[in-house]
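Below: one structure, written as structure tokens.
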């Protein structure tokens with residue numbers, strides 16, 4: 001069941017041979033990989049923690065502009 005208090009993050013992923021590669025949509029410059037899809041998701045969660053906590057300096061982010 002979906003909890004409205006639960007936060008979600010968009011991510012993009014693909015499989016390259018045996019590796020699952022992906023990045024958080026908000027942080028497209030920071031790739032990570034996993035041995036399978038579930039492992040990739042765990043690495044993405046760890047990456048998000050590092051990026052949002054300030055553990056990684058000079059973080060680049062992705063945003064959108066609203067056009068008139």
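The values are calculated or read from the model by the stated rules, or taken from the named source; none is laboratory data. Since we're looking at a predicted model, the values are computed, not measured. As a convention, Cβ positions derive from the backbone with ideal geometry for all residues, glycine included, and neighbour counts pool all protein chains shown.
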Wholly within the stretch 1-63, which strands (runs of 3 or more DSSP E) include no fewer than the required count, namely at least 1 residues that are out of contact with any strand residue (DSSP E or B) (no Cβ under 7 Å at 6 or more places or on another chain) and surrounded by 12 or more Cβ atoms within 10 Å (Cβ to Cβ)?
-> 11-16
Of the candidates 17, 34, the one satisfying the condition of being within 13 Å of the chain's Cα centre (by Cα) and at pLDDT 95 or above is 34
Taking the stretch 20-31 only, how many residues are over 9 Å from the mean Cα position of the chain (by Cα) and without any contact (Cβ under 8 Å) to a residue 24 or more places away in the chain?
-> 2
Checking 65, 9, 47, 51 in turn, the sole residue that is at pLDDT 90 or above and more than 15 Å from the chain's Cα centre (by Cα) turns out to be 65
